[in-house]
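Chemist: Take a look at this one; I'll ask things after.
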Amino acid sequence: MRPAEAGFTLIEVLVALVVTALLLAVVLQGSSAALGRLHTTEDRRAALLYGRYLLLRGSVLDYGGGNGQGQQGRLAWMSDEHLVLTDNRRLNGLMRIHVAVRDAKGRILFDQSVLRMKLLPQR
């Protein structure tokens, strides 16, 4: 009789491959979820920065200059201002400036309003 050769059987190799494939699938799924969370965090940070920028921009521009909408990277933004109150001579107005920023899926990431005094255009 011949002595048994050292090595693995076909079943042992297949079991090792299946275990390796399962571990690899778990690792890839975890890294995919982490990457998704990273993109969400980046979008939220960008929405916060851009939303604050739009509020500031609307606060310093002349009356009506803060209205608009558009795209900034993966984000969609909307800004508008409305006259809330005026003085007796209609020289100054209290303006409500509203800004909203959404991600590519339409989720609101930034939604804020501020009140600012502005000079009204004279007719």
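Chemist: Stretched out fully, how many nm does the piece from LEU61 to ARG116 gain, at 0.36 nm a residue minus the Cα gap? Write out the running numbers ahead of the final one.
Modeler: On the way: separation 55, 0.36 × 55 = 19.80 nm, distance 1.10 nm.
Net length gain for the segment: 18.7 nm.
Chemist: Residue-wise, which Karplus ³J(HN,Hα) couplings in Hz belong to region 48-59, taking 6.51 cos²θ - 1.76 cosθ + 1.60, θ = phi - 60°, and x for glycine or proline?
Modeler: My calculation for region 48-59 gives 5, 5, 6, x, 5, 4, 5, 5, 5, 4, x, 6 Hz in order.
Chemist: Counting alpha carbon pairs within less than 8 Å and at least 6 residues apart, what relative contact order, in whole percent, applies to the chain? Numbers along the way, then the final one.
Modeler: Values: 159 pairs, mean separation 24.1, N = 123.
That works out to 20 percent.
Chemist: In nm, give the distance between the simple-model label positions of LYS105 and LEU85, each being 7 Å from the Cα along the Cα-to-Cβ direction.
Modeler: Reported label-point gap for LYS105 and LEU85 is 4.1 nm.
Chemist: Want the number for VAL15 to ARG96: 0.36 nm per residue separation, take away the alpha-carbon distance, what's left?
Modeler: Here the segment from VAL15 to ARG96 would lengthen by 22.5 nm.
Chemist: Separate question: Rank-order 97-109, 27-39 by packing density, defined as the average count of other C-beta atoms within 10 Å over each peptide's residues, highest first. Could you put the intermediate results ahead of the total?
Modeler: Details: 97-109: 16.7, 27-39: 10.1.
Going from most to least packed, we get 97-109, 27-39.
Chemist: Stick to Cα atoms and the Kirkwood definition of Rh, then tell me Rg/Rh for region 31-84.
Modeler: Details: Rg = 14.5 Å, Rh = 12.6 Å.
Rounded to two decimals, Rg/Rh equals 1.15.
Chemist: Still on this structure: The list (1) 20; (2) 57; (3) 27 gives values of percent of Cα pairs over 23 Å apart, and only one came from this structure; which label was calculated from it?
Modeler: Recomputing percent of Cα pairs over 23 Å apart here gives the entry labelled (2).
Chemist: Counting pairs of alpha carbon atoms under 8 Å apart in space and at least six apart in sequence, what relative contact order in percent does region 64-123 give? Please list the in-between numbers first.
Modeler: Numbers: 116 pairs, mean separation 16.7, N = 60.
Answer for region 64-123 is 28 percent.
Chemist: Now, a different point. Given the DSSP H assignment, sum -39500 (n - 2.57) over each helix run of at least 4 residues in the chain and divide by its residue total; what's the result at 222 nm in deg cm²/dmol, nearest 500? Each step should come with its number before you reach the end.
Modeler: Values: 1 runs with 51 residues, N = 123.
Helix contribution divided over all residues of the chain: -15500 deg cm²/dmol.
Any read-out appearing in this document is the output of simple, stated calculations on the displayed coordinates, not a laboratory observation. Here the structure is a predicted model, which means the values were calculated and not measured. For neighbour counting, all protein chains shown are included, and Cβ atoms are generated from backbone atoms with ideal geometry for every residue, glycine included.
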